[in-house]
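The structure under discussion appears below in the form of structure tokens.
Coordinate-derived values only; no laboratory data. Keep in mind that this is a model prediction, so the values were computed, not measured. Here the Cβ is made from the backbone with ideal geometry for all residues, glycine too, and neighbour counts use every protein chain on show.
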């Protein structure tokens, strides 16, 4: 009799797991850009500027007229209001899967860089920002 009471509970747990895995797949797909050039690292990185797109993505400017979209493995709260950004690097090289990003306001809260995309120009930068912001507005 006790087993019969557990069956509905197990069914609910399985459904919840499926729903959360669908949401995570949708989230991962949102931050994948097959039309952009994905790079493993940024060599000779010197940040000239940056802007947050949302809590999972930022655009950094390096060298004159070269921008990169960084997709973070975890979100950083307060990124939109941060006064400064810290990006780890080794000998001037920033690598996806190795380096991380934090804010000056909370340097101990770090998010690993999951993917790096090279942006061609300002138009592409604006298109990507609009796409991510539109996704956020749908939520």
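Take the Cα of residue 90, step 7 Å toward its Cβ, do the same at residue 51, and the gap between the two points is 3.2 nm.
Taking 7 Å steps out from each Cα toward its Cβ at residue 106 and residue 38 produces label points 2.8 nm apart. Model label points for residue 134 and residue 77, set 7 angstrom from Cα along the Cα-to-Cβ axis, are 3.0 nm apart.
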